[in-house]
Amino acid sequence: MLTVSMKVNEQAVSGEVEDRTLLVEFLRENLRLTGTHVGCDTSQCGACVVHVDGASVKSCTMLAVQADGCDVTTIEGLTNGAELHPMQQAFKDNHGLQCGFCTPGMVMSAIDIVNRNGSGVDEATVRKELEGNICRCTGYHNIVKAVQAGAKNMGG
Amino acid sequence: MEIISEQRIPASRDEVWAALNDTEILKQAMPGCESFEAIEENVFEAKITAKVGPVKAKFKFNVELTDIDAPNGYTIKGEGQGGVAGFAKGSAKVDLTEDGVETILAYNVQANVGGKLAQLGARLIDGTAKKMADEFFGNFNELLGGTDSA
Amino acid sequence: MAENGIGANVRRKEDHRFLTGKGNYTDDLNVAGQTHAYFVRSPHAHATINSVDTSAAAAAEGVVAVLTGDDLAADGIGPLICGVNVTSDDGEPHRAPVHSALAQGKVNYVGDHVAVVIAETLAQAKDAAEKVEVDYGILPAVTATASAADEGQQQIHDVAPNNICYNWPFGDKEAVDAAFESAHKISSLDLINNRMVTNAMEPRAAVGEYNSGTEEITLHLTTQNPHVHRLVMSAFNQLAPEHKLRVVGPDVGGGFGVKIFVYAEELVVGWACRKVNRPVKWTSDRTEAFLADAHGRDHVAHAEMALDENGKFLAMRVNTTANLGAYLSTFATMVPSYLYAFLLAGQYSTPLIYSEVKAVFTNTAPVDACRGAGRPEATFLLERLVDVCAEDMGLDPAEIRRRNFIPVDAFPYQTPVVQCYDSGDYNAALDKALALADYDGFAGRAEEAKSRGKRRGIGLSSYVEACGIAPSQAVGQLGAGVGLWESAQVRFNPTGNVQVFTGTHSHGQGHETTFAQLVTEQLGVPIENIEVIHGDTAKTQFGMGTYGSRSLAVGGVAIAKACEKLIEKGKKIAAHALEAAEGDIEFADGNFIVAGTDKAMNIAEVAFNAYVPHSYPEGLEPGFDENAFFDPMNFSFPAGTHICEVEVDPDTGEVEIVKYSAVDDFGKLINPMIVEGQVHGGIVHGVGQALLEGCQYDTDGQLVTASYMDYAMPRADNVPSFDVDYAPTNPPHNPLGVKGCGEAGAIGAPPAVINAITNALGIKHIDMPATPENVWRAAQSAG
Amino acid sequence: MYNFSYQKVTSVDDAVEAMQKADDGKFVAGGQTMLPTMKHRLASPSDVIDLGGIEDLKGICMDGDAISIGAMTTHAEVAASSDVQSAIPALAKLAGNIGDPAVRNRGTIGGSIANNDPAADYPAAVIALGATVKTNKREIAGDEFFTGMFETALEEDELITSISFPKTEAAAYMKFENPASRYAIVGVFVAKSGDEVKVVVTGATACEHRGMRL
């Protein structure tokens, strides 16, 4: 067993993990942050996307120990009150979610897209950049709208 | 998956035929082979570690020589269990033809995998089967003093 | 209209928890003392089990138990069942092989369940599973649908000679044959409806707990229908008496049919938690989901249409082979029969239809309902055939549809295949769709594309589906084991807020919002004071669950009926409290008013009064809590026209959907925002089937598309944004005037996409999925 | 995943030493191929030697007429590098189309090249651009580095430290993606340098990268 320490959603946390423990397992099982989901086992669906040191990663394809000392943000860390993060709000306003299972990963990827592409990101870029996130419910139409609206909201 | 190819071997057909029935040579030719032991006549047990990129799986193969037609050729058949990785089975029909002092070894390989390897490695199955077959017969050629000519 | 009532685009009540990571899915649940289950699955498609040696696994670290089919049988756990009977042409019921949750003596597909390992941790369970020694006697596998019933094929089940589950002819063959004899033209088509893996994003999961003190099992499941799970597991699997079995479906991460069925894993978890007297958790990984979730579709069909000289359809003849997989899943028999053949009339007035369906067993995963279930198969066949007819007759695809549409004044319309359509205006939807798609401007766009080396095509699909599943009387006559009414309970708390209990269960459709809109509209209670509760057999009364676009059309009506009862009771209470005659009380906008006076009570005050029943007269019961059941008289029949425009690159075979227009008739829309989302999702499910998704077994029965590496799911960059509009009609038998919208897109889209591709390339047909390779080959051969 | 011993190293020497000591060790760079394989239990190294902590292996710098990219530089960093964008824009574009954004944030150029997946993108660029693969032991010409499907000239305890790409006059990379995995079904890298035009194809044979000079 190893001890890992990191900052998750601005809180310092540490825990005992096996060498093989994945970051997503540490988040879900050790920290009980169950908003980060596991939807596949080949790193494609994106339900597990979190931010590590500000960059989106698939937490099912990273060891917990590899995040030792890092700054991790999960869906739970975007807001700590009733007020939603602008991207979360945009998903709600634009009906960018249905069953909600892919949603945390979608929102984390969306914020990453805006961070890299700015508040005026166009539809084609959003669609291309969402290739690592699969949704079966929405047909993406409203997710794309939500990301663009969220981008504007984030841009101020 | 079917692979058809041939090797030109600088040895007589009888020599090649003898080598095809020499467990030590078969063992050395087989990529990743750790042991190759006769269980009964023309039946062997082979332990092979197959390594394809990130995948590394240990297989226990039952190998059988059939359709024996000395010194013209035979069919070598194998079925292997790779534990959690699944299983593999394949056969190679080998035909020897004299060509002057040399021998043409023609092979026709059929290979299949099952279990996780089939479920997850579909895009790599054909390439891997071809690679393993060509390596085996290329190595075999080299063990007889030739160069891989597939 | 009440604020946030019917017709309002209310933002969803459930979204806050989903958006903040506070959803509560089955795998999110951990129970103190829980163990983990992992299944030993067959790597072979077809084999006898000569022996199973569990001793090494049982002795492995952390292992609590290793259980096999023998243990299951010893405990009297019954086999998995199929709930719908289809009578075969020999007059006998369909052939139903025994389907044990853990195999007994034989495995019949890759992924079939051989044993389960229960251990302290999942890793230990997986480690031990590798130590279970199974001696298989490998048998040849049957995988191809078309040849499964051929002479000399390997036999899979003794009870099913020639691997046939049923032969099911329907219609007047002689009359149809006669119509073909005298037809002006016969158009025909051979096609395949590709096999799909449903792929809800949340994999299936189960957490079972047993309380030895109360002898009660609580089973948390990824389920679309908790009561159906409880009923089947209790009545047919003998897991526990119904009152000692609680099934909870918490938040469910997508269903699309795949979470309707009672599967081996869920039943085994329920049984094992009692056997080991510890909580047991199982979560499918994605590869297991590919192997062992019920798959969808998989038809091979030949279709023919007889036409007169004006392009009117005289008769249709269809021959279909449907692959049901290795065993019968819960509703498998119904999908290629009642949900398929009875929709073959589509939107057309074809007077004669004859259909033969041969349902076959193969060594593949069981096949059952997947979004649309049967209707996409019928629609794809019919709408492709209609395009072939148009080509054969030299008619525009829109024109041939128009000539054959059931006219608006013919409703209710009795088709030759059982169904009686409720309402529809198919021309209205077509006209609106043609305008939305700028159909008239297509030729110009095609020319412009040609100048860039691309080929444009436009494809129509005019579908009709039957949903609001299912009227008990109708399906009972067909052989369904159960009718599918729905229940609701609307309960006021004393302080005036409302809890709505429904037997349906949301897995993404937004019931918590839509149903609250119904209640706020009817009772005038602010929407934030209304909570919808579902998915727990301990909380809600018996209900049938969610599938077949039934929740609003059936469950919603039950809620409305319960609300009506509350209003009636409220009048009695208000009359008592306001010292007026009951007949003088009127109800409007949440207020009970004594007619012609300013004396009034709002409904919250009535609720409080009902729970503080001072001096109630005899016959007036306290409490403000009503339940209702609704069993519709008929299905509802959403319909519409979808138009897809594609651009094909003949050099690469790549297909780009450049425009997609959908005009649907769903009756009245309660929350248009949610409805539109359902349409989008359905379209992309259908586009996925048309362009990307194809489940492939090799000839040995190995599943070679068992992950997202090889099974192509539609992603955001595969599709455009959509143009969606409506052409509603009013279904007379539905009190809310609603029809159902969840499956429409998946039904309408596949033929629209394929018709667009055949149009672009000038070819008769291309099978799905129209991958770049297939399209390129077709383009090459078309020249 | 089977358990293993995780080794975090901070220098190339430590990495090599850890590998030599390990029973059946495996270097892991970004882990985007290795970890999924291990999750499926299709690989079971005794030791996972994580190169992520070796600062020397990261970064991009101009080195005369070449651009040198550290082995542990992520695809995202290559794609976003203004140096790469100006020196060899096709390479930046190639990197920006590997996997998806989250994968590009973890996956590295060294890991991709060492793995030599027959459908990977980078090997085509390495060969076509005449890059040099620098290891802890030697320098290997791009042409000679890739020896077969998933096989390279690397020895067991040898690891890539950087890849040096000479500037090129003109280059472009196009790929036709598998709709599911988004790996290249076929990818073609074309590079022009003086009178020589090199074309390298990835994917197509499912076996190795084929190059030719025009």
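Every read-out reported here was derived from the displayed coordinates using simple, explicitly stated rules and does not represent laboratory data. Note that the coordinates shown come from a computational prediction; the quantities given were computed from them, not determined experimentally. Counting neighbours? That spans all protein chains shown, and the Cβs are built from the backbone with ideal geometry, glycine included.
Across segment C:598-614, computed HN-Hα scalar couplings (Karplus, 6.51 cos²θ - 1.76 cosθ + 1.60, θ = phi - 60°) run 9, 7, 7, 10, 7, 5, 5, 5, 4, 4, 4, 4, 5, 9, 10, x, 5 Hz from first to last residue, x flagging Gly and Pro.
Taking every alpha-carbon pair under 8 Å whose residues sit at least 6 apart, segment D:5-51 reaches a relative contact order of 56 percent. Note on residue D:58: lysines with a C-alpha under 24 Å away, same-chain residues under 8 apart excluded, are A:7, A:58, D:8, D:26, D:93, D:134, D:137, D:167.
Using only the Cα atoms, what convex hull volume per residue in Å³ does segment D:146-204 have? Don't skip to the end; give the middle numbers.
On the way: hull volume 7.5 nm³, N = 59.
It comes to 126 Å³ per residue, whole-number rounded.
Here the protein assembly as shown is treated as a Stokes sphere of Kirkwood radius computed over C-alpha pairs; at 20 °C and 1.002 mPa s its diffusion coefficient rounds to 65 µm²/s.
Do me a favour and compute the ellipsoid semi-axes for segment C:539-648 from its Cα gyration tensor, root of five times each eigenvalue, largest one first, whole Å. Provide the component values of the computation, followed by the final result.
On the way: eigenvalues 332, 64, 27 Å².
Those come to 41, 18, 12 Å.
Only beta bridges with both residues in the protein assembly as shown are counted; by DSSP, about 85 percent of them are antiparallel. Ranking D:16, D:3, D:40 by how far each Cα lies toward the positive end of the dipole of segment D:1-47 (charges on Cβ) leaves D:40 at the top.
Going by how many other beta carbons lie within 10 Å of each one, how would you line up C:278, C:445, C:371, C:384, fewest first? Intermediate values should be presented prior to the final figure.
Values: C:278 19, C:445 16, C:371 29, C:384 25.
Placing the least packed residue first, the sequence is C:445, C:278, C:384, C:371.
Rg then Dmax, both in Å and based on the Cα atoms of segment A:86-155: 10.3, 29. Think of each Lys and Arg Cβ as +1 and each Asp and Glu Cβ as -1; about the Cα centre, that makes the dipole of chain C roughly 440 debye. Count Lys and Arg as plus one, Asp and Glu as minus one, and take only other residues whose Cβ is under 9 Å from that of residue C:506; the net charge is then -3. Label reach from residue C:236 (point 7 Å along Cα→C-beta): in segment C:259-273, amide nitrogens under 20 Å belong to C:259-272.
Under 5 Å between amide hydrogens, built in the peptide plane, is the criterion, and for residue C:246 it picks out C:217, C:218, C:219 among residues at least 5 positions away or on other chains. Rg and Dmax of segment A:2-77, both derived from C-alpha coordinates alone, stand at 10.9, 30 Å.
Counting only other chains, and only Cβ atoms inside 10 Å, what mean value do you get across the residues of A:53-64? Per residue, the average neighbour count from other chains is 6.
Across segment C:536-604, Cα-Cα pairs more than 18 Å apart make up 50 percent of the total. Karplus-derived 3J(HN,Hα) values for segment C:298-309, using 6.51 cos²θ - 1.76 cosθ + 1.60 with θ = phi - 60°, are 6, 10, 10, 9, 10, 10, 9, 10, 9, 10, 8, 5 Hz; glycine and proline are entered as x. Taking all C-alpha pairs of segment C:666-757, those more than 18 Å from each other amount to 56 percent.
Calculate the dipole size of the protein assembly as shown relative to its Cα centre from +1 charges on Lys and Arg beta carbons and -1 charges on Asp and Glu beta carbons; express the result in debye to the nearest 20. List each step's numbers first, then the result.
Values: 101 positive and 170 negative charges, 410 e Å.
Using Cβ point charges on Lys, Arg, Asp and Glu, the protein assembly as shown gives about 1960 debye.
When the Cα positions of C:240, A:108, C:433 are compared along the charge dipole of the protein assembly as shown, C:433 comes out farthest toward the positive end, with charges on each C-beta of Lys, Arg, Asp and Glu.
Within 10 Å, count the other beta carbons around each residue, average over each peptide in C:413-420, D:127-134, C:582-589, and list them highest first. List each step's numbers first, then the result.
Values: C:413-420: 18.2, D:127-134: 24.0, C:582-589: 14.4.
Highest to lowest by the protection proxy: D:127-134, C:413-420, C:582-589.
Starting from one equal scatterer on each C-alpha and no solvent at all, send me the Debye-based log10 I(q)/I(0) for segment B:2-143 at q = 0.20, 0.22 Å⁻¹, two decimals. Here the Debye-derived log intensity ratios amount to -1.24, -1.46. On a C-alpha basis, how far is the centre of segment C:158-217 from the centre of segment C:74-94 in Å? Whole number, if you could? Taking the Cα centre of each part, segment C:158-217 and segment C:74-94 sit 14 Å apart. Based on the Kirkwood approach, the hydrodynamic radius assigned to segment D:1-125 is 15.2 Å, with every pair of different Cα atoms included. Judged by the gyration tensor of its Cα atoms, with axes a ≥ b ≥ c, segment D:5-51 is oblate; a/c meets the 1.5 cut and b/c is at least as large as a/b.
For chain C, averaging the sequence separation of C-alpha pairs within contact (under 8 Å, six or more residues apart) and dividing by the residue count gives a relative contact order of 16 percent. In plain terms, the bigger the Kirkwood radius, the slower the diffusion; for segment C:111-162, with that radius from Cα pairs, at 10 °C and 1.306 mPa s, Stokes-Einstein puts D at 111 µm²/s.
Taking other Cβ atoms within 10 Å as a rough exposure proxy, D:183, C:327 sort from fewest to most as D:183, C:327. Taking the DSSP beta bridges with both ends in chain C, the antiparallel portion is around 80 percent. In this structure, residue C:92 and residue C:420 have a Cβ-Cβ separation that, at R0 = 35 Å, corresponds to a calculated FRET efficiency of about 0.75.
Report, in whole Å, the centroid distance computed from the Cα atoms of segment A:98-156 and segment C:440-503. If you average the Cα positions of each part, the centres end up 26 Å apart. Its convex hull of Cα atoms gives chain D a direction-averaged projected area, equal to a quarter of the hull surface, of 11.0 nm².
Inside 10 Å of the C-beta atoms of C:718-729, what's the mean count of C-beta atoms belonging to other chains?
Numbers: counts 4, 5, 5, 8, 3, 0, 1, 0, 0, 0, 0, 0.
If you average over the peptide's residues, the count of other-chain Cβ atoms is 2.
Under Stokes-Einstein, with the Kirkwood radius over Cα pairs standing in for Rh, what whole-number D in µm²/s applies to segment A:2-156 at 4 °C and 1.567 mPa s?
On the way: Rh = 15.5 Å.
Calculated translational D: 83 µm²/s.
Roughly speaking, what % of Cα-Cα pairs in segment C:437-530 are separated by over 23 Å, rounded to a whole number? Could the numbers behind the result be given before it?
Details: 2580 of 4371 pairs.
Distances greater than 23 Å cover 59 percent of the Cα pairs.
Across every pair of non-identical alpha carbons in chain C, the mean reciprocal distance, once inverted, gives a Kirkwood radius of 27.5 Å. Annotation: the residues C:157, C:505, C:614, C:36, sorted from fewest to most other C-beta atoms within 10 Å of their own C-beta, follow the order C:614, C:157, C:36, C:505. Remark: segment C:726-734, residue by residue, has Karplus-estimated 3J(HN,Hα) of 9, 9, x, 10, 9, x, x, 8, 9 Hz, where x stands for each Gly or Pro and the curve is 6.51 cos²θ - 1.76 cosθ + 1.60 at θ = phi - 60°.
Other chains' Cβ within 10 Å of B:80-90 residues: what's the mean?
Details: counts 0, 1, 2, 3, 10, 5, 5, 5, 0, 2, 0.
Other-chain Cβ atoms within 10 Å of each residue's Cβ, averaged: 3.
Percent relative contact order of segment A:86-155, based on C-alpha pairs within less than 8 angstrom and at least six residues apart? Once normalised by length, the contact order is 56 percent.
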